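Here the structure comes first, spelled out in structure tokens, and everything after it is commentary.
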Amino acid sequence: MPYSPPSRLPLGPRRRTLLASAAGVALLTGCSAGSEDSDGTRGGGPSAADRARARAARDSGRLVERYDAVIAAHPGLAERLTPLRAEVVRHREAFGEPAASASATAAGTASPTASPSPSPSPSLSASAPVVPGDEKAALADLATAERTLADERAKALLDVPGELARLLASVAAAGAAHAYLLAETGK
């Protein structure tokens, strides 16, 4: 008697078919999860990149205020600090500062003690930076602020898309260089 295979047909889909279907569903779901854009926006709210960009612009604005306070308290440091302050202003502009504030900043670059924006927010003007009375201590304090901000920006690189990550990396490197220069000139 010749051998005949069992005549029983599989009752459900094969394992390979299930795995292929599950992988296809995962790919489709991953590609179209909600109405998310490529930059992380969901439903019209600001994306993580937009929030990071706005935070970086605000942080640079606070750093400009700190430079202004040190220059106002120690006019003898103005020649050393003005180029670094101008770089921080450019960083703020690179992060997309609103045009109204940018024009005020452009006017303020000629005078290092000018306000960084035409109408500072209440939180910024209420908490003006405290500047040490000694020039070396003021430079060390400014160097610490630059270094801290550079470190924060370096950590933020992991959470933002490519172009913004490159900008943050560049500005973080510049901030680290500023911190080094401030620490060296403070000696």
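The values are calculated or read from the model by the stated rules, or taken from the named source; none is laboratory data. In this text the structure is predicted, and so the values were computed from the model without any measurement. In case anyone asks, the SASA skips ligands and DNA or RNA and just uses the protein heavy atoms, side chains included. Shrake-Rupley method; radii C 1.70, N 1.55, O 1.52, S 1.80 Å.
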Solvent-accessible surface ranking, highest first, for Glu146, Glu152 at 1.4 angstrom: Glu152, Glu146
By accessible area with a 1.4 Å probe, ligands and nucleic acids excluded, highest first: order of Tyr67, Tyr180: Tyr180, Tyr67
For Asp159, Asp68, write out the residues from largest to smallest accessible area, computed with a 1.4 angstrom probe and no ligands counted. Asp159, Asp68
Any idea of Lys136's accessible area? Nearest 10 Å², probe 1.4 Å. 120 Å²
